[in-house]
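Quick notes on the structure that follows.
The values are calculated or read from the model by the stated rules, or taken from the named source; none is laboratory data. Everything numeric here is computed off the predicted structure, so don't read it as measured data. Here the Cβ is made from the backbone with ideal geometry for all residues, glycine too, and neighbour counts use every protein chain on show. Keep in mind that these areas ignore ligands, DNA and RNA; they rest on the heavy atoms of the full protein, side chains included. Shrake-Rupley method; radii C 1.70, N 1.55, O 1.52, S 1.80 Å.
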Amino acid sequence: MNVTLARTATFALFAAAASCAPTLAEGWQHLGAVQHVEKLPDGVELSAGSAKVRITAFRDGVIRVRVAPQSAFPKDSSWAVIEPPEVPPVKVEDAKDDVRLLAGSVNVIIHKSPLLISFTDSQGRVVLEDEPTLPMASNGQRIRIWKKMPPDESYFGLGDKAGPMNRRGRSFTNWNTDAFGWGESTDPLYKTIPFFLGVRKGSAYGIFFDNTHRSSFDFGKESPDYLSFGAEGGELNYYFFAGPDPKKVIAEYTALVGRTPLPPLWSLGYQQCRYSYYPEARAREIVRLFREKKIPADVIYFDIDYQQGYAPFTINREYFPHFEQMIADFRAQGFHTILITDLHIKKDPGHGYTPYDSGIKQDVFVKNPDGSIFVGKVWPGDSVFPDFTLSRVRDWWGGLYKDFVKMGVAGFWNDMNEPSVFERADKTMPLDTVHRLDDGTTLDHRAIHNVYGMENARGTYEGVRKLQADERPFVLTRAAYSGTQRYAATWTGDNSATWNHISMSTPMLLNLGLSGYALAGDDIGGFASSPPPDLLTRWYELGVFNPIYRDHAAKGTADHEPWASGPEQEAIRRRYIELRYQLLPYIYTGIEDMSRTGIPFMRPIFLEYAQQENFYNDDRDFLFGSDLFVAPVVTETLDAEEIQLPPGDWYDYWTSQKHESKEKIALHPALDELPLYVRAGAIIPMQPIVQNTEEKPSGPLEIKVYAGEDCRGSLYEDDGHTFAYQRDKFRRTNYSCQVSPGSVTMIATTEKNSFQPWWHAARITIFGVPAEPKELRIGQQATRDWRYDAKSHSLTTTVPDATENWTIRAAF
């Protein structure tokens with residue numbers, strides 16, 4: 001279909017709608033007819049009554065729409081957008097009934113009466129269009145837009161909302177909220193990520209509504225005919241991403257708002273947390289037991305009880321008399337320490353509390369409308385709150401970490417930053433509190449609430465970045481806005497120790513990844529209440545395949561550590577934590593790719609197989625990278641687990657049995673079994689078990705090759721903790737294999753070789769080998785150093801010098 005035909009079809013619908021009585025939303029001032037068209041270098045500005053609408057090409061495949069109901073556009077600024085525009089060639093055609101904006105791979109057709117917008121691809125196919133009976137509208141400070149909703153379209157995104165992954169048929173509010181005790185229908189939660197992905201028959205588009213006020217999204221709850229989104233204030237300002245596939249949309253969106261920087265390798269190991277580990281003897285006992293029991297771990301957290309009177313940046317010397325030495329001792333044992341540093345500062349004048357005294361002196365705290373400092377109650381009692389919208393305040397905040405960084409503390413945890421305020425019905429600051437901006441203007445809390453946690457995390461990340469020289473910071477935040485992934489990892493907040501919550505964890509993490517926030521996890525075992533042993537074990541198994549693998553529990557709950565519940569459960573949990581460490585070369589490679597492309601490492605199946613609509617509503621299964629298919633057990637039912645594999649052939653990771661995707665597999669997984677499959681064609685780098693990421697593995701690099709079509713894999717390596725990789729100090733190796741009836745060939749090619757890896761030799765295991773080979777060659781040299789396993793149809797050999805390019809060929 002060409003653009004002209006698309007225009008005809010689209011306006012036929014508009015005409016049909018116009019012939020009926022309009023269904024304008026009551027109380028809304030909808031846009032009327034276009035009265036004036038002004039061509040711009042990057043698009044067009046339209047006048048419709050008192051309103052102006054500006055539609056511009058931001059880059060190829062990305063269109064921006066701004067609406068000023070009273071004609072005056074506010075200052076163009078964003079807390080989220082960091083990418084400058086790269087405007088493609090733009091052509092504007094102004095006709096009697098419509099205006100057409102032709103911009104590279106996406107076109108915009110604007111119907112003039114009333115003003116309605118339709119996005120089409122370069123072939124003229126309609127991708128997204130305004131609902132004809134409901135033009136864009138305002139109502140006082142409120143703004144809203146309605147879009148047509150095809151009956152077979154699915155919606156994803158908005159971050160870690162509870163409930164099913166597919167948002168269709170539900171509505172949501174974005175207002176960062178301390179939601180302890182949240183459940184499947186609780187909304188809003190901790191984050192505001194006003195981005196969604198529309199997917200239909202394998203094609204996709206995206207919408208990012210860049211508005212920090214309280215906003216809402218409705219995906220057919222109000223009406224099955226349309227979706228809508230809007231906010232209680234601010235600007236109607238959104239970006240349209242043309243795709244046309246889901247990966248392209250996510251890449252475009254994350255380029256706009258920023259991607260997760262490469263985290264330190266240790267943060268991808270197992271993390272142990274509790275509210276709270278104290279006194280010092282208890283914390284030392286936890287670390288000792290991990291090492292004595294040979295359970296790998298890299299991180300221990302300290303919650304608020306390490307502080308004096310819960311005042312941030314203090315140390316309770318009664319509980320922790322040798323705090324600095326404890327940090328050093330843990331470091332010597334391969335444990336990295338992460339401290340909680342809530343953003344509220346205890347109001348404590350005259351007692352030498354530096355954060356408060358220096359903050360008063362430098363005028364850094366949020367104020368009431370009358371100019372007095374806002375005071376709210378949190379953990380320390382009366383507290384004051386830094387005004388993170390000021391760069392000088394973020395600098396001051398970052399400097400508070402100086403002593404902790406000198407002690408060797410490795411990371412920081414920004415909690416309670418929605419912001420959470422006790423003893424208030426709304427759980428947060430009054431809406432009229434005042435936030436100052438660097439340009440001398442102010443905004444009230446209505447506009448800043450949803451970015452307050454983001455700017456807190458930014459202050460922490462940038463401050464620690466300055467203090468740690470070349471070390472990569474690690475920050476964990478609870479509250480966020482789009483783009484916060486530039487500064488911090490996140491988790492899904494205070495979940496509960498129930499089967500319902502473990503089942504909800506996967507769709508929440510998948511939607512976070514689709515929303516650009518891919519370095520995330522949940523509280524393994526559930527934060528609130530005590531999990532039964534089998535539930536906790538199942539959660540340990542699932543957590544292996546979350547980007548962040550952190551166990552956490554509330555006060556008064558049963559122990560969550562891997563050895564809790566007895567030796568049988570401990571053995572299973574140890575085995576899966578060990579698997580996490582064996583997979584670290586594969587995981588780190590995938591996370592590095594994620595940091596460059598924005599494509600989440602933990603991903604829904606449709607992200608790789610967009611045409612497979614049967615996976616659009618799969619809330620249990622997912623992909624870990626492109627090559628591992630995970631089907632976790634998330635219910636206590638005794639019924640068989642039915643598994644539908646993605647397209648292609650897949651190998652059972654545990655047995656090496658090969659399956660076709662058309663098979664539906666019915667399993668009764670034992671407690672120690674998590675169904676895990678590997679794509680036929682995958683090449684997975686692995687390593688021997690270590691107790692922490694700083695321990696050098698004993699033995700060669702392990703490479704598992706699962707023969708099949710599109711046979712490929714890669715390995716990325718650097719020092720794991722500095723920014724030297726940005727100076728090209730890294731190593732990247734690409735692997736491929738070719739399978740024919742008479743041979744199997746594997747090729748390793750080093751793309752970048754500026755880092756010395758821990759390994760020299762590589763042990764190669766090829767699965768799917770039909771018979772014992774007659775000959776095996778490494779390069780041109782024949783070798784008898786190989787072993788064939790007829791049961792698993794696998795061939796194993798060792799390449800003595802695998803740091804150079806090499807080839808293996810097995811002939812049958």
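Taking 8 Å as the Cα distance limit and 6 or more residues as the minimum spacing, I'd like the relative contact order of the chain as a percentage. Numbers along the way, then the final one.
Details: 1996 pairs, mean separation 79.1, N = 812.
After rounding, I find 10 percent.
Rank-order 605-614, 618-627 by packing density, defined as the average count of other C-beta atoms within 10 Å over each peptide's residues, highest first. Display every interim value, and only then the final one.
Details: 605-614: 18.5, 618-627: 21.2.
Per-residue Cβ counts within 10 Å, averaged per peptide and sorted highest first, yield 618-627, 605-614.
Give me the accessible area of residue 655, 1.4 Å probe, in Å² rounded to the nearest 10.
For residue 655, the solvent-accessible surface is approximately 80 Å².
What percent antiparallel are the DSSP beta bridges of the chain, to the nearest 5? Numbers along the way, then the final one.
Values: 151 of 182 bridges.
In the chain, DSSP labels about 85 percent of beta bridges as antiparallel.
Which whole-number percent is the relative contact order of the range 301-365 (Cα, under 8 Å, 6+ apart)? Walk me through the numbers on the way to the answer.
Values: 52 pairs, mean separation 19.6, N = 65.
In percent, rounded to a whole number, it is 30.
Candidates [x] 181; [y] 213; [z] 169; which is the computed volume of the Cα convex hull per residue in Å³?
Correct label is [z].
Answer with one residue from 734, 234, 441: the one whose Cα lies farthest towards the positive end of the charge dipole of the chain, charges on Cβ with Lys, Arg +1 and Asp, Glu -1.
So the residue furthest toward the plus end is 734.
Of 112/161; 347/402; 427/555, which ones are farther than 28 Å apart at the Cα? Intermediate results must be reported in sequence, preceding the final value.
Working: 112/161 37 Å; 347/402 21 Å; 427/555 21 Å.
Those over the limit are 112/161.
Mind putting together the pair-distance distribution for the range 212-321? All Cα pairs, 10 Å bins, whole percent per bin, short to long.
11, 20, 20, 17, 21, 10, 0
Could you state how much accessible area residue 406 has, in square angstrom rounded to the nearest 10, with a 1.4 Å probe and all protein chains kept in place?
Its heavy atoms expose roughly 150 Å² to the probe.
Mind putting a number on the dipole of the chain about its Cα centre? Charges go on the C-beta only, +1 for Lys and Arg and -1 for Asp and Glu, and I need it in Debye to the nearest 20.
Details: 86 positive and 105 negative charges, 243 e Å.
Its charge dipole is roughly 1160 debye.
Within 10 Å, count the other beta carbons around each residue, average over each peptide in 309-319, 631-641, and list them highest first. Intermediate values should be presented prior to the final figure.
Details: 309-319: 17.7, 631-641: 15.4.
For the peptides 309-319, 631-641, the packing ranking is 309-319, 631-641.
Give a residue-ordered list of calculated ³J(HN,Hα) values for the range 802-811 (Karplus: 6.51 cos²θ - 1.76 cosθ + 1.60, θ = phi - 60°; whole Hz; x for Gly, Pro).
In residue order, the calculated couplings are 9, 7, 9, 4, 8, 9, 10, 9, 10, 10 Hz.
What's the center-to-center distance, using Cα atoms, between the range 44-100 and the range 178-255 in Å?
Between the Cα centre of the range 44-100 and that of the range 178-255, the gap is 20 Å.
Only helical DSSP H runs with n ≥ 4 go in: add -39500 (n - 2.57) per run for the chain, normalise by residue count and round the 222 nm mean residue ellipticity to 500 deg cm²/dmol. Walk me through the intermediate numbers first.
Values: 13 runs with 160 residues, N = 812.
Computed ellipticity for the chain at 222 nm equals -6000 deg cm²/dmol.
Under a cut-off of 28 Å between alpha-carbon atoms, report the lysines in cross-link reach of residue 696, not counting same-chain residues fewer than 8 places apart.
Candidates past the 8-residue exclusion: 293, 294, 406, 704, 729, 752.
Suppose all protein chains stay in the model; what accessible area per residue would a 1.4 Å probe give for the chain, in Å²?
On the way: 28980 Å² over 812 residues.
Per residue, the chain has an accessible area of 36 Å².
So for the range 682-781, taking the charge dipole from beta-carbon charges (+1 Lys/Arg, -1 Asp/Glu), which of 714, 744, 690 sits furthest toward the positive end?
Working it through, the farthest residue towards the positive pole turns out to be 744.
With only Lys, Arg, Asp and Glu charged, each at its Cβ (+1 for the first two, -1 for the last two), find how big the charge dipole of the range 278-380 is about the Cα centre; round to the nearest 20 debye. Kindly include the intermediate steps, with their values, before the conclusion.
Numbers: 13 positive and 14 negative charges, 47 e Å.
Its charge dipole is roughly 220 debye.
Choose one of 597, 459, 213: the residue whose Cα lies farthest towards the positive end of the charge dipole of the chain (beta-carbon charges +1 Lys, Arg; -1 Asp, Glu; about the Cα centre).
The Cα lying farthest towards the positive end belongs to 597.
Find, among the trypsin sites (Lys or Arg not before Pro) in the range 181-219, those assigned to loop by DSSP (not H, G, I, E, B) with at most 12 other beta-carbon atoms within 10 angstrom.
On the way: sites: 191, 200, 201, 214; in loops: 201, 214.
For trypsin sites (Lys or Arg not before Pro) across the range 181-219 that sit outside H, G, I, E and B with at most 12 neighbouring Cβ atoms in 10 Å, the list reads 201.
In debye to the nearest 20, how big a dipole does the range 440-554 give about its Cα centre with +1 on each Lys and Arg Cβ and -1 on each Asp and Glu Cβ?
On the way: 9 positive and 11 negative charges, 65 e Å.
The dipole of the range 440-554 has a size of about 320 debye.
Roughly how many nanometres apart are two label points built 7 Å out from the Cα toward the Cβ at residue 798 and residue 498?
If labels sit at residue 798 and residue 498, their model points lie 5.3 nm apart.
So how far, in whole Å, is the C-alpha centre of the range 729-806 from the one of the range 504-555?
Here the answer is 36 Å between Cα centres.
How much length would be gained if the chain were fully extended between residue 673 and residue 745, taking 0.36 nm per residue of separation minus their Cα-Cα distance, in nm to one decimal?
Details: separation 72, 0.36 × 72 = 25.92 nm, distance 3.25 nm.
Length gained between residue 673 and residue 745: 22.7 nm.
Taking all protein chains in place and a 1.4 Å probe, what share, in percent, of the accessible surface of the chain do carbon and sulfur account for? Don't skip to the answer; put the middle values down first.
Values: 14390 of 28980 Å².
Heavy-atom surface of the chain belonging to carbon and sulfur, 1.4 Å probe: 50 percent.
What ranking do 133-141, 585-593 get when scored by the average of other Cβ atoms within 10 Å per residue, highest first? Spell out each step's value before the answer.
On the way: 133-141: 19.9, 585-593: 22.1.
Order by mean packing, descending: 585-593, 133-141.
Need the full-extension length gain, residue 597 to residue 780, defined as separation in residues times 0.36 nm minus the C-alpha distance. One decimal, nm. The partial results should precede the final answer.
Numbers: separation 183, 0.36 × 183 = 65.88 nm, distance 3.75 nm.
Once the chain is fully extended between residue 597 and residue 780, it gains 62.1 nm.
Figure the gain on full extension for residue 75 and residue 441 (residue separation times 0.36 nm, minus the Cα-Cα span) and round it to one decimal in nm. Intermediate results must be reported in sequence, preceding the final value.
Details: separation 366, 0.36 × 366 = 131.76 nm, distance 1.12 nm.
That pair, residue 75 and residue 441, stretches by 130.6 nm at full extension.
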